[in-house]
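The values are calculated or read from the model by the stated rules, or taken from the named source; none is laboratory data. Here the structure is a predicted model, which is why all the values come from computation and not from measurement. Every residue, glycine among them, receives a Cβ derived from its backbone with ideal geometry; neighbour counts consider all protein chains shown. Side chains are part of the model used for accessible areas, which takes the heavy atoms of the whole protein and leaves out ligands, DNA and RNA. Shrake-Rupley method; radii C 1.70, N 1.55, O 1.52, S 1.80 Å.
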Amino acid sequence: MKSLAGIKGVIFDLDGTLVESALDFSQIKQELGCPCDVDLLDFVADITHPPLRDRANQIILAHETQDATNAKALPHMQELLSSIEQLSLPSAIVTRNSKAATATKLRQNNINLELVLTRECYPAKPAPDALLAIATTWDLDPASLIYVGDYLYDIQAAKNAGMKSVFINHNKQPDYQSQADFIVNDLLQLQHAIMASNS
């Protein structure tokens, strides 16, 4: 793996990156009548009838709320966050999840990052808006930041924002992982890479 030397901040995805997620997007799409190859949030945003759009959002929120009540931290999450804090690197979260479900997951797993942006704050990934807003808040060049995630949208969002993308593959090999700047198997490997590159 390439070096992460010189990074000045770390932004994380949430679901599947720092905490578990058991959201069944296929089931949610089926309930909403969303085609398999269409992004769920885009599908809902394109519903022109407000009551139907509200109902669709309620269905998604219900699934997210249920998922949040059971979500546990992924292995080595606290050690990773502690290491980043020891290095005095700012850290934040950008997630496509709802504010309510995100708050539940953060509270249950003792995640105390000050800067957390959800889909209610900015256009959802792969749009770069939330990532760029954090770079502006920190007064740092986006190129000096990494965005860590576990899905294609995370890689795309990082690229769209001019940041380095770190992909956590959880020991699986999706075709799109080759688009990431860095690939790690888990949070422990990421912790070691950050510590080694910034010691």
- Task: Rounded to the nearest 10 degrees, what's the angle between the helix 129-138 long axis and the longest principal axis of the chain, both from Cα atoms, 0 to 90?
- Result: 40 degrees
- Item | Loop-located trypsin sites (Lys or Arg not before Pro) in segment 115-199, at most 12 other Cβ atoms within 10 Å (DSSP) | K172
- For the chain the translational diffusion coefficient, Stokes-Einstein from a Kirkwood Rh over Cα pairs at 10 °C and viscosity 1.306 mPa s, in µm²/s, is roughly 92 µm²/s
- By DSSP, what percent of the beta bridges with both residues in the chain are antiparallel, rounded to the nearest 5? 5 percent
- Item | Those lysines that a straight Cα-Cα span of less than 21 Å connects to K172, excepting residues fewer than 8 apart in one chain | K2, K72, K164
- Around L32, with a cut-off of 13 angstrom between Cβ atoms, what is the net charge of the other residues, counting Lys and Arg +1 and Asp and Glu -1? -3
- Message: Taking amide H atoms as placed 1.01 Å from N in the peptide plane, list the residues 5 or more away in sequence, or in a different chain, whose amide H sits under 5 Å from that of F12.
- Response: A92, I93, V94, V148
- Message: Can you give the Rg/Rh ratio of segment 149-195, where Rg is from the C-alpha atoms and Rh is the Kirkwood radius?
- Response: 0.95
- Task: Two decimals is fine: what's Rg over Rh for segment 1-73, C-alpha atoms, Kirkwood radius as Rh?
- Result: 1.13
- Carbon plus sulfur fraction of accessible area for segment 94-177, probe 1.4 Å, in percent: 49 percent
- Query: Roughly how many Å² of Y153 are accessible to a 1.4 Å probe, to the nearest 10?
  - Reply: 50 Å²
- Loop-resident GluC sites (Glu not before Pro) in segment 57-126 with no more than 15 other Cβ atoms inside 10 Å, DSSP not H/G/I/E/B, are E114, E120
- Local charge sum around C121 (other residues, Cβ-Cβ under 13 Å, Lys/Arg +1, Asp/Glu -1)? +2
- Where does helix 152-161 land angle-wise versus the long Cα axis of the chain, in degrees 0 to 90, nearest 10? 60 degrees
- Degrees, to the nearest 10: 99-108 long Cα axis against longest axis of the chain: 50 degrees
- Where Lys and Arg each count +1 and Asp and Glu each count -1, what net charge lies around I168 among other residues with Cβ under 12 Å from its Cβ? -4
- Task: Could I have the simple spin-label model distance between A100 and E20, label points 7 Å from Cα toward Cβ, reported in nm to one decimal?
- Result: 2.3 nm
- When the distances between all Cα atoms of segment 108-199 are binned every 5 Å from zero, what whole-number percent does each bin get? 3, 13, 21, 22, 23, 14, 4, 0
- Item | Accessible area per residue in Å² at 1.4 Å probe, computed on segment 52-189 | 48 Å²
- Query: Where Rh is the Kirkwood radius over the Cα pairs of segment 1-42, the temperature 37 °C and the viscosity 0.692 mPa s, what D in µm²/s does Stokes-Einstein return?
  - Reply: 244 µm²/s
